[in-house]
1. Show me 336-346, 274-284 ranked by packing, highest mean number of other Cβ atoms within 10 Å first.
2. Using 1/(1 + (r/R0)^6) with R0 = 41 angstrom and r between the beta carbons of residue 130 and residue 156, what's the FRET efficiency to the nearest 0.05?
3. Taking 20 °C and 1.002 mPa s as the conditions, I'd like the Stokes-Einstein D for region 233-296 in µm²/s, using the Kirkwood hydrodynamic radius from alpha carbon pairs.
4. Within 10 Å, count the other beta carbons around each residue, average over each peptide in 252-265, 225-238, and list them highest first.
5. Rank the residues 181, 268, 242 as a footprinting-exposure proxy: fewest other Cβ atoms within 10 Å of their Cβ go first.
6. What per residue convex hull volume, in Å³, comes out for region 121-248 when only alpha-carbon positions are used?
7. Rounded to two decimal places and with Rh computed the Kirkwood way over Cα pairs, what is Rg over Rh for region 245-382?
């Protein structure tokens, strides 16, 4: 079930009209997500907790399911576990759903491809020895994570043995190819998956020094920086990723989500202005939505984002909710939720008679009645 009109995220302004919410739907959706996530990660958490008793496990389900090193946009969308524990959890949930919604159009760690002249047919060429060796390591890693995922009774010694073998393979590879940027990126993702964040950050930093024009490397650096209390640097790297790949919605969406969750820190600690941040946030959501015009979840997210801006463009918000209603509200629940939001925006635009007509004639679902009455009370109180 799609999330209702607004998220439960904290806002800087508290005087604006209350959001239309579907409390039961929201709780059910979040409960379902948590249940699925818990089942999927339980085995990995248990095994790696034994391997690194005091380590902090950062497991990303999209990374494991997606083949871990194939070209998936979902691998690195998540800037999870923020500086404060509660907000870490909220941000993790938000980005996980974004990962599900976005297509696999952006490679996070491309597998090596055969060498071929520019414009040539790669099918006529073979892999180099280094590429073959890297592919073998990738295959070993896939086996490793598959065994961990499917074998809940794996002993600590078995897990450590598998991990040591992978570490040995990587050491041998980098002894021969210390400046392989693709390998550094792949190895960094592997290290993050097993919870060795600092080592992963070093690998991403090496890759960035060798080639500063890779957006996925900027993104991975930002992930670590956001998690470890460096929002200014995370913002800079996410902005760089967007600049390097302006037509990739993934990076724009991640930048917008990052600003939303770290806005107060950026304003208080780093002296950003709310207006400047809101401008970047809303433009990032808008461009991401336009880059994927058929992505329903993204269109809903952009529509909801207006409620989080300090000075929203309510006419643009109305246009977006009209788009959602016309193309992305197939179910009655979706349609009425979008209509309630449209009514709310109309109130902001002081078009109370139109808002009243929608509320009184088109909103009748029990889950929306409390919000319907609240909005009508606001209209009547004017």
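1. On the way: 336-346: 25.4, 274-284: 18.2.
Top to bottom by mean Cβ count within 10 Å: 336-346, 274-284.
2. Computed FRET efficiency for residue 130 and residue 156: 0.80.
3. Values: Rh = 11.8 Å.
Answer, rounded: 181 µm²/s.
4. Values: 252-265: 23.9, 225-238: 20.5.
Per-residue Cβ counts within 10 Å, averaged per peptide and sorted highest first, yield 252-265, 225-238.
5. On the way: 181 16, 268 9, 242 25.
So the residues, fewest neighbours to most, are 268, 181, 242.
6. Numbers: hull volume 18.5 nm³, N = 128.
About 145 Å³ per residue, rounded to a whole number.
7. Values: Rg = 16.3 Å, Rh = 16.0 Å.
Rounded to two decimals, Rg over Rh is 1.02.
Each value in this text was obtained by applying a stated rule to the coordinates, not by laboratory testing. Being a predicted model, the structure only gives us computed values, none of them experimental. Backbone-built Cβ (ideal geometry, glycine too); neighbour counts: all protein chains shown.
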